[in-house]
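Q: Input: one structure, supplied below.
The values are calculated or read from the model by the stated rules, or taken from the named source; none is laboratory data. Bear in mind the structure is a predicted one, so any value in this text is a computation, not a measurement. Glycine also receives a Cβ, built like all others from the backbone with ideal geometry; neighbour counts cover every protein chain displayed.
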Amino acid sequence: MRSRWNDAEARDLAPLDLLVYASRLIGAETSLVVWGGGNTSIKTVERDHRGRDVAVLRVKGSGSDLKSIQRKDFPGVCLDDLRALLDREDMGDQEMVDYLARGLMDTGGPRPSIETLLHGFLPAFAVIHTHADAIVSLTNNDRCREVLTGVYGKDVIALAYRRPGFRISKEVADAIAEHPEPRAVVLERHGTITWGATVREAYEGTIELITRAEEAIAEQKRGRKLFGGPRVPVLAPPRRREIAVAVAPRLRGLLSRHRRAIVTFDDTPAVTEFVSSVDAPALSQAGPATPDHTIYTKRLPCVVRLDEAGDAGAVTEAIERSLSEFERDYTRYFEEHRFEGARLTDPLPRIVLVPGLGMFTAGRDRRTAGIVSDMYHHTIDVIGNASAFGRYASLTARDAFDVEYWPLELYKLTLAPPEKELARRIALVTGGASGIGRAVARRLAAEGAHVVVADVDEAGARKTAEEITAAAGSGRALGLMMDVTSEASVHTAFEAAALEYGGLDVLVSNAGIAHSAPVADMALADWERSFAVNSTGHFLVAREAMKILIRQGLGGALVFIATKNVMAPGKDFAAYSAAKAAEAQLAKVLALEGAPYRIRSNIVHPDAVFQDSRLWSDEVRRQRAAAQGIAADQLEDFYRRRNLLGVRILPEDVAEAVLFLASDRSAKTTGCSITVDGGVREAFPR
Ligand code: ZN
């Protein structure tokens, strides 16, 4: 492993800034720590609230991530308080947390890491603790001690696995006090501890330790067949995609039985090689690479029992069987190891390995599903490396359970903000690059939905999606090209959504165009163009949505953006009004067909939404003004004055009605029309 230390960047940094710098270097290396794993510290002298100089440990706070850590993420703990604990034999977890809280330098900051004592008990100025893949590769096999001695001789101290907390911290401190020469401690099945008189020394010590492990692994793996070679043929990429798309919604439906999940698909070569191998069924059931993965990944993935992945029906059946076996085994594991206060919230897997196909991972949102996927990539690496030295081994079921249900680890999850109304839901909005579609996409995202922004203007769709992810977080939107008049284009866009998020909960069918001309002068092509977008487009999109929603079995909401013209048509607007009337009728039939599946279908009728709208092109404005016998620049004012409330209708007003119909607020409403037009008497629904 290459040192990333840069003297020019590090030179003038104050001690805490230097710790931030080194921590980010560690965090940038995902084979050292992933997603919140690992921690770092320094010991300094600071002024306390009474103006006294006191020795302080600055240590990573719980819930922060090394790769993006900041000064404020390092709470200070009074070192005298910590060192006083060296006289103790043992200490309970909660007692330890309460004790640490009393020794904090600042109020209102983050809770110090649950591995704080590990840092505080060591005399060195700087301490770094990682969950390095290379190290657990050496320790997660049945020849662990022999392997470590072979690689490091007497240069490291190895300690048997014990859950983080008081006792392992004490064991580390005692071991170093007894043997002061070694430069590092290896915690078996967990990670590394290195230290130094400077931050740089501790950092370089980590890199050196890992480099030696990496060299030994490369040497040991040379010429070896990984995972016993292939067992199930890996499908070609287009076929994989096809099967994954076909099974994803059903899988998401099953994984959402207790709480809705976002499910994402991964078929990168490392994954397909592993899941399709001879040894994967056994190796994957040994346990996690390092304990802190378990709160995201659970102890074990679900391996689908399958000899061939080429038939979507057979794959779906195999997934159903394997999931129910997983649920049964997981419930048993929970019952066997449960302690007082432990609560089984979800007995379903976070990782589903499908031989010949790839891996599905599940989480509360796309980001979390991605974290689970990242972690399993590292697990596959570690399994491959560790198996080169001996039989892959992990924590015992007991130890894994104690971490998975450890209140102090679960505390990290409570740091996430409370879930919003549309959290864990997936919405697809057509015509999302501008106007009503964009406002709807933003509104649903603001309430927590994952949004697929589809538009014939691909750059515009991506831009809306980028705005959403900038505001709501990574993974929360996907911008893609969809031409609603093309069966293939609609299908491809829904496929992308299924692979990214696992399925669908809400469809907002919005894309539309306008054309104005008296019937006597209308070209057939203009009539057909209007029907292609304003009528057939809604059919194609709704058909794909219905297929996914039915397969998923979680109900769903279809919202159609129609127009006031459906109820009160305007002259010279036949192509538009007639096609939109067909859309509205389609929406009502879908209410009938969707009801048995708890799929609701409703309509919003806006009128004259000009702002940010592509429907109201200059040409259409001119034509509509002519039809009303007014000048084009009077058009907006004309429509405003025409409605009872005398108001301008904005895209955001329409988005409010869509939110109502898309969410459970309207759980008992289907086949309904809501107007957003300021009140147009001729268009009152009846
Ligand atoms: Zn750790």
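Q: Between residues in the range 26-49 that are of a type outside the set (Gly, Ala, Ser) and residues that are in a loop (DSSP other than H, G, I, E, B) and within 16 Å of the ligand (Cβ to nearest atom), which pairs lie under 6 Å by C-beta distance while being six or more apart or on different chains?
A: Note: pairs meeting the criteria are Ile26/Leu32; Leu32/Ala132; Val33/His131; Asn39/Lys60; Asn39/Ser113; Asn39/Glu115; Thr40/Lys60.
Q: Another question, then. If we scan the range 296-313, do we find a residue that is assigned by TED's automatic domain parsing to the domain that holds Arg250, within 23 Å of the chain's Cα centre (by Cα) and within 16 Å of the ligand (Cβ to nearest atom)?
A: yes
Q: Something else: Of the conditions (1) in a helix (DSSP H, G or I); (2) away from the ligand (no atom under 16 Å from the Cβ), Ser169 satisfies every one except a single condition; which number is it?
A: (2)
Q: Just a yes or no: is a residue in the range 185-206 under 18 Å from Asn6 (Cβ atoms) and within 16 Å of the ligand (Cβ to nearest atom)?
A: Yes, because at least one residue in the range 185-206 is under 18 Å from Asn6 (Cβ atoms) and within 16 Å of the ligand (Cβ to nearest atom).
Q: For the range 501-520, how many residues meet the condition of being surrounded by fewer than 21 Cβ atoms within 10 Å (Cβ to Cβ) and either touching a Cys at 6+ places or on another chain (Cβ under 6 Å) or at pLDDT 95 or above (or both)?
A: Going through the range 501-520 one residue at a time, the tally reaches 2.
Q: Same structure, new question: Checking the condition within 24 Å of the chain's Cα centre (by Cα), polar (S, T, N, Q) and farther than 15 Å from Arg543 by Cβ, which residue from Thr464, Thr492 passes?
A: Thr464
Q: Between a first residue in the range 220-240 that is over 13 Å from Pro281 (Cα atoms) and modelled with pLDDT under 95 and a second residue that is surrounded by 11 or more Cβ atoms within 10 Å (Cβ to Cβ) and of a type in the set (Ser, Thr, Tyr), which pairs have beta carbons less than 7 Å apart while being 6 or more apart in sequence or on different chains?
A: Matching pairs, first to second residue: none at all.
Q: Being touching a Gly at 6+ places or on another chain (Cβ under 7 Å), in a helix (DSSP H, G or I) and closer than 22 Å to Ala261 by Cβ is true for just one of Ala423, Ala465, Ala445. Which residue is that?
A: Among Ala423, Ala465, Ala445, only Ala465 is touching a Gly at 6+ places or on another chain (Cβ under 7 Å), in a helix (DSSP H, G or I) and closer than 22 Å to Ala261 by Cβ.
Q: Here's another thing I want to ask about it. Out of Asp93, Asp80, report the one residue that is surrounded by fewer than 17 Cβ atoms within 10 Å (Cβ to Cβ) and within 16 Å of the ligand (Cβ to nearest atom).
A: One residue alone meets the criteria, Asp93.
Q: Among the candidates Gly27, Gly63, Gly51, Gly38, single out the residue that is under 17 Å from Leu100 (Cα atoms) and small (Gly, Ala, Ser).
A: Gly63
Q: I want to confirm something. Restricting to the range 255-295 and keeping residues that are β-branched (Val, Ile, Thr) and more than 16 Å from the ligand (Cβ to nearest atom), which single residue is farthest from the chain's Cα centre (by Cα)?
A: Val278
Q: Restricting to the range 211-228, count the residues that are within 31 Å of the chain's Cα centre (by Cα) and either within 15 Å of Tyr392 (Cβ to Cβ) or in a loop (DSSP other than H, G, I, E, B) (or both).
A: 2
Q: Only one residue in Leu540, Leu554 is over 11 Å from Ile599 (Cα atoms) and surrounded by 17 or more Cβ atoms within 10 Å (Cβ to Cβ), so which one is that?
A: Leu540
This table checks each residue for (1) within 17 Å of His190 (Cβ to Cβ); (2) among the β-branched types (Val, Ile, Thr); (3) away from the ligand (no atom under 16 Å from the Cβ).
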{"site": "Ile128", "(1), (2), (3)": "yes, yes, no"}
{"site": "Ala132", "(1), (2), (3)": "yes, no, no"}
{"site": "Asn141", "(1), (2), (3)": "yes, no, yes"}
{"site": "Gly150", "(1), (2), (3)": "no, no, yes"}
{"site": "Leu159", "(1), (2), (3)": "yes, no, no"}
